[in-house]
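> Got a structure for you, questions after.
Each value in this text was obtained by applying a stated rule to the coordinates, not by laboratory testing. Predicted model only: the values in this text are computed from it and were never measured. Cβ sites come from the backbone with ideal geometry, for glycine too, and all protein chains shown count toward neighbours.
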Amino acid sequence: MHNLPKTNQYVVAALYQFIKVDEITQWQEALREKCDICQLMGTLLIAEEGLNGTISGRYDDMHRFLHWLLSETLFTAPELKFAVHEERPFHRMKVRLKREIVTMGASGISPAEQAGTYVNPKDWNKLISDPDVMVVDTRNDYEVAIGQFQGAVNPLTKTFRDFPEWAAELAALPEESRPKKLAMYCTGGIRCEKSTALMKNLGFEDVYHLKGGILQYLEDIPQNQSLWEGECFVFDSRVAVDHNLQRGKYALCHACKMPLSKQEMASEAYVAGISCPHCIDKTTPAQRARFSERAKQIALAKQRGDAHIGAKPVSKEPFQKEVGREKNPLREKNPLSEKNHGREKNIEKKKKI
């Protein structure tokens, strides 16, 4: 089934599908119930434009869930990507209703109908080596900072919501200055697929996106043939993966959720679970005290062999509504970039190439 790895460890499945969904509340309940029965952990987002999420569980449980998803629901053709993890990467199961399955905030686009042309990883190097192609990284700046494709343009976005503004700036250039072709990419394919629909809506005709995203490229392309540089940020406890899809050298600041290099972790500003060079000047003493207490409780739970954040035993009772976690304001203010700084320079640099 879609190359589901048979293992005694935890299987992590990243999936999405753009498809028109009616009665999303009923689908939310169905997905929630099935994930509960199959003892899966992670997050699924459902909206009128489709389904998106990352879930984890044991092989048999994942197999049972995916068999149901692919044969008994609307979502019969999702993009699926698997990884294997020694420890459980998620500790709760959330199925949430959203306006969008990946938040861009642009109206009037339909990725299910308008998306650009898929490019398989084996053909990607040839495409992005074409001098008429502008290669665009649709991820956030903190992700781009630890790895990207050679020659790619970084739109310097803090969140995906910033991307439409950058796209509009590119579309507003004189015809002779606009790129003839666009090649978009992201981690697993969902953001670049949606971004191609936006670019086509803005008048770009030759728009392509990497099928399966960076992760599929790293899996399919030998390192000695690769045009990828650095590591790839991932949204789970691994933080980043290298070209062999093994856990990378970066850690995560649990205060601001920024990836940290070994040099940054050697900084005096870094205190595990409390602060790092990116956020030390952006948190209050009260926040740092709260982070410190949380880190202490996690350490104590680990000593006892307990999970500090975890699910209750599986029950046949109706799924209990989970209290939402407090949003981290630091996540919305990425210290690695300013929204407009350097954008024109990036665009002009690519034009000269």
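> Take the Cα coordinates of the chain, assign each an equal point scatterer, and use the Debye formula without solvent to give log10 I(q)/I(0) at q = 0.10, 0.11 Å⁻¹.
Each listed q corresponds, in turn, to -0.66, -0.80.
> Let me ask something else. What is the fewest-to-most order of 292, 177, 195 by other Cβ atoms lying within 10 Å of their Cβ?
Details: 292 15, 177 11, 195 31.
Going from least to most buried by this count: 177, 292, 195.
> To the nearest 20 debye, what is the magnitude of the charge dipole of the chain about its Cα centre, counting +1 on the Cβ of each Lys and Arg and -1 on the Cβ of each Asp and Glu? Walk me through the intermediate numbers first.
On the way: 51 positive and 47 negative charges, 209 e Å.
I would put it at about 1000 debye.
> Follow-up. First obtain the Kirkwood hydrodynamic radius of the range 231-308 from its Cα pairs, then insert it into the Stokes-Einstein equation at 25 °C and 0.890 mPa s, and state the resulting D in µm² per second as a whole number.
Estimated diffusion coefficient is 182 µm²/s.
> How much net charge surrounds residue 6 when only the other residues with a Cβ under 12 Å from the Cβ of residue 6 are counted, with Lys and Arg +1 and Asp and Glu -1?
On the way: positive: 58; negative: 60.
Computed value for this residue: 0.
> Right, here's the next one. In debye, nearest 20, what is the charge dipole magnitude of the range 102-175 about its Cα centre with +1 on Lys and Arg Cβ and -1 on Asp and Glu Cβ, if you could check? Walk me through the numbers before you get to the answer.
Details: 5 positive and 11 negative charges, 52 e Å.
Magnitude of the dipole: close to 240 debye.
> No other cysteine beta carbon under 4.7 Å away is the test; run it over the chain and list who passes.
Within the chain, the cysteines lacking a partner Cβ under 4.7 Å are 35, 38, 232.
> Would you list 264, 176, 49, 169 from fewest to most Cβ contacts within 10 Å? Provide the component values of the computation, followed by the final result.
Numbers: 264 17, 176 6, 49 23, 169 14.
The most exposed by this proxy come first: 176, 169, 264, 49.
> Related question: If you place +1 on the Cβ of every Lys and Arg and -1 on the Cβ of every Asp and Glu, how big does the dipole about the Cα centre of the range 10-97 come out, in debye to the nearest 20? Show your work: numbers first, answer last.
On the way: 10 positive and 13 negative charges, 48 e Å.
The dipole magnitude comes to about 240 debye.
> Per residue and in cubic angstrom, what volume does the convex hull of the Cα atoms of the range 10-97 have? Don't skip to the answer; put the middle values down first.
Details: hull volume 6.4 nm³, N = 88.
About 73 Å³ per residue, rounded to a whole number.
> For the chain, what does -39500 (n - 2.57) per DSSP helix run (n ≥ 4), summed and divided by total residues, give at 222 nm, in deg cm²/dmol to the nearest 500? Working shown, then result.
Working: 11 runs with 107 residues, N = 353.
Computed ellipticity for the chain at 222 nm equals -9000 deg cm²/dmol.
> Same structure, new question: Can you compute the modelled spin-label distance between residue 110 and residue 91, with each label point 7 Å from Cα toward Cβ, in nm?
4.3
> Right, something else. Could you please report the charge total around residue 280, scoring K, R as +1 and D, E as -1 over all other residues with beta-carbon less than 10 angstrom from its beta-carbon?
Working: positive: 282, 288; negative: 268, 281.
Its environment carries a net charge of 0.
> Let me ask you something else. Hey, fewest Cβ within 10 Å first, where do 304, 58, 139 land in order? The partial results should precede the final answer.
Working: 304 9, 58 17, 139 26.
Exposure proxy ranking, most exposed first: 304, 58, 139.
> Taking H placed 1.01 Å from N in the peptide plane, check which residues at least 5 places from residue 147 or on another chain put their amide H under 5 Å from its amide H.
When sequence neighbours closer than 5 places are left aside, the close amide H contacts are 231.
> Which Cα, out of 37, 235, 292, lies furthest along the positive dipole direction of the chain (beta carbon charges, K/R +1, D/E -1)?
The Cα lying farthest towards the positive end belongs to 292.
> Compare the Cα positions of 24, 52, 13 along the charge dipole of the range 10-97 (+1 at Cβ of Lys, Arg; -1 at Cβ of Asp, Glu; about the Cα centre) and return the one farthest towards the positive end.
13
> Can you list the HN-Hα couplings for the range 288-300, worked out from phi with the Karplus curve (6.51, -1.76, 1.60; θ = phi - 60°), rounded to whole Hz and with x for Gly and Pro?
Once θ is set to phi - 60°, the couplings for the range 288-300 become 5, 5, 5, 4, 5, 5, 5, 4, 5, 5, 5, 5, 5 Hz.
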